[in-house]
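The structure appears right after this line, and notes come after that.
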Amino acid sequence: MPEHIPTTQILAHGATALFGALTHALTAQRKGLTKNFSDFLALMVISSFSGLMFALMGIHLFGGDQYITLTMAGTGGFLGVEGMAWIVERIRNFLIK
């Protein structure tokens with residue numbers, strides 16, 4: 001586990017998470033799930049945060065392998081809150097059984 005995460009690495013992961021979130025928000029807008037620009041922006045911010053959390057989990061789990069962690073950032077940004085809820089539900093069902 002790295003002691004200190006360089007700023008450039010955080011920025012790269014944040015940008016990847018932002019692109020994943022943008023894709024998620026544009027998909028939601030195309031499906032008619034966002035009513036106005038503030039809904040679109042809120043969805044993008046929340047999904048970006050989700051992507052960054054996925055990236056930080058990847059950095060913690062996989063260390064310095066940037067390809068995996070950048071992929072996790074983009075995927076987490078695209079999945080957003082719905083993806084996180086789905087993953088938590090699967091883990092909860094696995095642990096309960």
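Any read-out appearing in this document is the output of simple, stated calculations on the displayed coordinates, not a laboratory observation. All figures in this text were calculated on a predicted structure; none of them were measured in a lab. Neighbour counts run over all protein chains shown; Cβ positions are idealised from the backbone, glycine included.
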What spacing in nm lies between the two simple spin-label points modelled at residue 96 and residue 57, each 7 Å away from Cα in the Cβ direction?
1.9 nm
Pairing the Cα long axis of helix 37-62 with the longest principal axis of the chain, what angle in degrees results, from 0 to 90 and rounded to the nearest 10?
20 degrees
Could I have the simple spin-label model distance between residue 39 and residue 86, label points 7 Å from Cα toward Cβ, reported in nm to one decimal?
2.1 nm
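When the helix-only estimate is applied to the chain (DSSP H runs of n ≥ 4, each -39,500 (n - 2.57), divided by the residue count), what is the mean residue ellipticity at 222 nm, nearest 500 deg cm²/dmol? Mind showing how you got there, number by number?
Numbers: 3 runs with 81 residues, N = 97.
Rounded to the nearest 500, it is -30000 deg cm²/dmol.
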The helix 7-30 Cα axis meets the longest alpha-carbon principal axis of the chain at an angle in degrees, between 0 and 90 and rounded to 10, of 30 degrees
Dipole in debye (nearest 20) - the chain, about Cα centre, beta carbon charges: Lys, Arg +1; Asp, Glu -1:
380 debye
0 to 90° range, to nearest 10: angle between helix 66-96 axis and the chain longest Cα axis
80 degrees
